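> Okay, handing you the structure first.
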């Protein structure tokens, strides 16, 4: 378990005029859960594809379990599990039939029947793939990624299209995988997911890594910085609010109607903000004092909204 | 869905690939089952040839020397091979690509050649089922194929399956599923009527038609099974060239993903 699960150096990939990856670096120790977090089009799927041997990089270096996915995809795929974005199966194949087919490719697969039960697909065993709901197709795809007892799994947006119960089931599974020593690289644009699951979070945007670290490190980057958020009508004059606050505090409208005050938040500051609001006839809703979330970090780094 | 907790060690890694024979076998079996379960494919590969076989034998409106079934049966076998190896194959590949199955399988321990090989074996299995069913019906209608033509017929069936199969992969792996559907059906119809399957070409057309895979297969099977012996080099060479050229192009153009 000394070999890193994944090492990526200065990876570049373009599709025609579009730059999908503009030189990213990633390091993932064995048995770790790494979340690639970013909006759609950030380069998450391209990274997964290049790590699993679909496509070749324009430049840079990728090693997965010590192997080059572009030249050793056969050997590599015997050891990894992949859940491609959007799944994949014969349109007419029955759910159980598809999982048995994938299980048959592995030397010591998990019991497909057990996996179907655990993933809540028991009732859909004899349903053709094209008639499964989006969430059921996702769960079947996840089962296909796990059935071969891989040592490293790539889950590309594993919870997209799932209801909250199914999402929590997937989270439970990822935690069980980690506990059993399976490395997990997952992509997501849900910060709750990254915060809940990952040992390491790598935030990507426009094909570059904009931040990396544990969820704790990322959200506590500046220890003194705290925040106060509230919602109100859009377009408040923040210069006035900043003037009312002590020196060094900032106030931003992060999304229309969502306001963020950064600085050491003490009772006096809360009082100043609410008093300022009262003065201007503004009703501050959902007023909250707390530490930063990954979404805040992302917004600060990119100025873009994460959920897209 | 209750949230299960997983016993420690449930997912303990133990990766590795199964035996290649097992992978290939399971894949061929799955694809064969899928082909036989698909209503439209069965209509095209079995029901239409059966109806044409019985209908053309009983209805006298197309002038054919008696016993009529001796002329009709080999042509229906050629039609059946074209239907499954080309049309069905192209359509299912087109939609399989749309549904991401090639990518899904490629992401497992299945080697690429086995993904292609599994499809080929499944196509061959369907052809064998077609030939058995159609031959039994033809024999019941009084068909008496020439025994001396059987080795040639087997070779022609294999080459015909390879040629039409390669053309099916070439088409199914090249364009969008809806376009595959339209083109595959259109080609089927044109080759049936004008490609030497329904009737042998006469005069000037023969030069073209006998160089088509449809014409070569139908004429070759007809000669071998009606007259016996070997049908000459031409149908065999024509089918072999189509198989090699289409297969060569298909390996370059077919998109797995």
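> Could you please let me know if residue B:63 is more than 14 Å from every other protein chain (Cβ to nearest Cβ) and either surrounded by fewer than 19 Cβ atoms within 10 Å (Cβ to Cβ) or outside any helix (DSSP H, G or I) (or both)?
So residue B:63 passes the test.
> Another one. Give just the number: which of (1) within 24 Å of residue A:193 (Cβ to Cβ); (2) surrounded by 21 or more Cβ atoms within 10 Å (Cβ to Cβ) does residue A:41 not satisfy?
(2)
> Surrounded by fewer than 17 Cβ atoms within 10 Å (Cβ to Cβ) and either closer than 14 Å to residue B:250 by Cα or more than 13 Å from the chain's Cα centre (by Cα) (or both): which single residue out of B:182, B:177 fits that description?
Selected residue: B:182, the only one of B:182, B:177 that is surrounded by fewer than 17 Cβ atoms within 10 Å (Cβ to Cβ) and either closer than 14 Å to residue B:250 by Cα or more than 13 Å from the chain's Cα centre (by Cα) (or both).
> Another question about this same structure. May I ask you to list the residues in the stretch B:214-255 that are touching a helix residue (DSSP H, G or I) at 6+ places or on another chain (Cβ under 6 Å) and loosely packed, with under 14 Cβ neighbours inside 10 Å?
Across the stretch B:214-255, the qualifying residue is only B:229.
> Filter the stretch A:133-157 for residues that are modelled with pLDDT under 95 and part of a loop (DSSP other than H, G, I, E, B) and give the result.
If the condition is that a residue be modelled with pLDDT under 95 and part of a loop (DSSP other than H, G, I, E, B), then A:133, A:157 are the ones that fit.
> Right, something else. Taking the stretch A:84-119 on its own, how many of its residues are facing another protein chain (nearest Cβ under 7 Å), over 24 Å from residue A:185 (Cβ atoms) and in a loop (DSSP other than H, G, I, E, B)?
Total satisfying the criteria: 5.
> Do we find a residue being in contact with a helix residue (DSSP H, G or I) (Cβ under 8 Å, 6 or more places away or on another chain), under 16 Å from residue A:279 (Cβ atoms) and outside any strand (DSSP E or B) anywhere in the stretch A:242-262?
There is at least one residue in the stretch A:242-262 that is in contact with a helix residue (DSSP H, G or I) (Cβ under 8 Å, 6 or more places away or on another chain), under 16 Å from residue A:279 (Cβ atoms) and outside any strand (DSSP E or B).
> For residues that are at pLDDT 85 or above and either assigned to a loop (DSSP other than H, G, I, E, B) or within 18 Å of the chain's Cα centre (by Cα) (or both), scanning just the stretch B:196-211, find the one that is surrounded by the most Cβ atoms within 10 Å (Cβ to Cβ).
Going through the qualifying residues, I end up with B:210.
Residue-by-condition table, conditions (1) within 25 Å of residue A:81 (Cβ to Cβ); (2) touching a strand residue (DSSP E or B) at 6+ places or on another chain (Cβ under 8 Å); (3) modelled with pLDDT under 90:
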site	(1), (2), (3)
A:176	yes, no, no
A:184	yes, yes, no
A:188	yes, yes, no
A:206	no, yes, no
A:229	no, yes, yes
A:239	no, no, yes
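> Another question, if that's okay. Taking the condition of being farther than 17 Å from residue A:103 by Cα and at the interface with chain B (Cβ under 10 Å from one of its Cβ atoms), how many residues in the stretch A:127-153 meet it?
Counting residues in the stretch A:127-153 that are farther than 17 Å from residue A:103 by Cα and at the interface with chain B (Cβ under 10 Å from one of its Cβ atoms) gives 2.
Results for (1) under 30 Å from residue A:179 (Cβ atoms); (2) more than 7 Å from every other protein chain (Cβ to nearest Cβ), shown as yes or no for each residue.
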{"residue": "B:9", "(1), (2)": "yes, no"}
{"residue": "B:17", "(1), (2)": "yes, no"}
{"residue": "B:21", "(1), (2)": "no, yes"}
{"residue": "B:24", "(1), (2)": "no, yes"}
{"residue": "B:29", "(1), (2)": "no, yes"}
{"residue": "B:33", "(1), (2)": "no, yes"}
{"residue": "B:38", "(1), (2)": "no, no"}
{"residue": "B:46", "(1), (2)": "no, yes"}
{"residue": "B:49", "(1), (2)": "no, yes"}
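> Across the stretch A:42-63, what is the total count of residues that are within 11 Å of chain B (Cβ to nearest Cβ) and touching a helix residue (DSSP H, G or I) at 6+ places or on another chain (Cβ under 6 Å)?
Residues that pass the stated criteria total 2.
Each row is one residue, and each column tells you yes or no for (1) within 14 Å of chain A (Cβ to nearest Cβ); (2) surrounded by fewer than 22 Cβ atoms within 10 Å (Cβ to Cβ); (3) touching a helix residue (DSSP H, G or I) at 6+ places or on another chain (Cβ under 8 Å).
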position: B:79; (1), (2), (3): no, no, yes
position: B:82; (1), (2), (3): no, no, yes
position: B:91; (1), (2), (3): yes, no, yes
position: B:122; (1), (2), (3): yes, no, yes
position: B:131; (1), (2), (3): no, yes, yes
position: B:134; (1), (2), (3): no, yes, yes
position: B:146; (1), (2), (3): no, yes, yes
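The values are calculated or read from the model by the stated rules, or taken from the named source; none is laboratory data. Note that the coordinates shown come from a computational prediction; the quantities given were computed from them, not determined experimentally. Because the Cβ atoms are built from the backbone with ideal geometry, glycine has one as well, and the counts that use them run over all protein chains shown.
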